[in-house]
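Everything below concerns the one structure shown next.
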Amino acid sequence: MLLVLRDDRKIMYENRFTNWVRWCDRNVTEEVKYPGIYIVAVADEDISGSNFSWTTDIAYVGMTNSLKGLAGRLKQFDNTIKGKSGHGGADRMRLKYQNYNELVNKLYVAVAPFTCNVKSHKPKDLRVMGEVAKFEYDCFAYFTELFGCLPVFNDYAKSPKYSLTIERKG
C-alpha cells in the first residue's frame, strides 16, 4: 500500500535509497562502508532488485554514524536476530521472529549512504553526520504521515524486546 502526499518529497525520499536487496546480500554494495540510514522490510514476496518504496512491509528504520558504517550496524542487527545482543530494534524483531532461518528468507534492506569521514572533526564531515541523524527522523515522520504510526519495531510501546521478555524468563 503506497499513499502519495507530495510528489517531490516522495521522490526525494525514495531516490535517496538503494534498491531493495535480500538480507543475505546486504554487504554486496560498496555503499555499506559509509554511514547512513537503513530500512528493513519483512515481505512475503521477493522485492529484491525493485526500487525502494514506502510500504507497510517496512518493519524498522535505523541509522549509523559509526566507523564501521552501515555494514557494521547491519552486522549488529544480524547478530541480534541470530540470538546475540547489540541492537535494540533487532531485539524487538527477534521476539516476533524467533526462527532466524525463516526470517532471513523474507528480510530485505535498502540503504541511504552518506559519504563522509566519520573520524574527521572537519565541519563538512560533522554536518554530513548531522544530516544522517536528521534524515532518520525525516524518514520516521514521512512513514508516520503515510501509515499513521512508526514502523513496528521502532515503536517501543508496541514491540517489547526479546531480551526483556522470553530471555529474561529463561
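Against the conditions (1) open to solvent by 10 Å² or more (accessible area, probe 1.4 Å); (2) of a type outside the set (Ser, Thr, Tyr); (3) not in a loop (DSSP other than H, G, I, E, B), residue 47 satisfies every one except (3).
Within the stretch 94-116, is there a residue that is open to solvent by 50 Å² or more (accessible area, probe 1.4 Å), touching a residue at least 12 places away in the same chain (Cβ under 8 Å) and outside any loop (DSSP other than H, G, I, E, B)? Yes, that holds for at least one residue.
Tallying residues that are loosely packed, with under 12 Cβ neighbours inside 10 Å and within 23 Å of residue 47 (Cα to Cα) within the stretch 117-138 yields 0. Scanning the stretch 57-69 for residues that are open to solvent by 20 Å² or more (accessible area, probe 1.4 Å), farther than 17 Å from residue 97 by Cα and not hydrophobic (A, V, I, L, M, F, W, C) yields 65, 66, 68.
Can you pull out every residue in the stretch 76-93 that is assigned to a loop (DSSP other than H, G, I, E, B) and open to solvent by 10 Å² or more (accessible area, probe 1.4 Å)?
Within the stretch 76-93, 83, 84, 85, 86 meet the criteria.
Taken over the stretch 121-163, the criterion of being of a type outside the set (A, V, I, L, M, F, W, C) and in contact with a Phe, Trp or Tyr (Cβ under 9 Å, 6 or more places away or on another chain) is satisfied by 131, 138, 142, 151, 154, 159.
Evaluate the following for residue 158: is it open to solvent by 50 Å² or more (accessible area, probe 1.4 Å), under 29 Å from residue 45 (Cα atoms), without any contact (Cβ under 8 Å) to a residue 60 or more places away in the chain and not in a helix (DSSP H, G or I)? Taking the combined requirement at face value, the residue satisfies it. Conditions: (1) open to solvent by less than 50 Å² (accessible area, probe 1.4 Å); (2) touching a residue at least 12 places away in the same chain (Cβ under 8 Å); (3) not hydroxyl-bearing (Ser, Thr, Tyr). Residue 72 meets all but one. Number of the miss? Result: residue 72 fails condition (2) only. Residue 149 meets the conditions (1) within 17 Å of the chain's Cα centre (by Cα); (2) without any contact (Cβ under 8 Å) to a residue 60 or more places away in the chain; (3) in a helix (DSSP H, G or I) in every case but one. The failed one is (3).
The values are calculated or read from the model by the stated rules, or taken from the named source; none is laboratory data. Everything numeric here is computed off the predicted structure, so don't read it as measured data. No Cβ is skipped: glycine too gets one built from the backbone with ideal geometry, and neighbour counts run over all protein chains shown. These area figures cover heavy atoms from the full protein model, side chains too; ligands, DNA and RNA do not enter into them. Shrake-Rupley method; radii C 1.70, N 1.55, O 1.52, S 1.80 Å.
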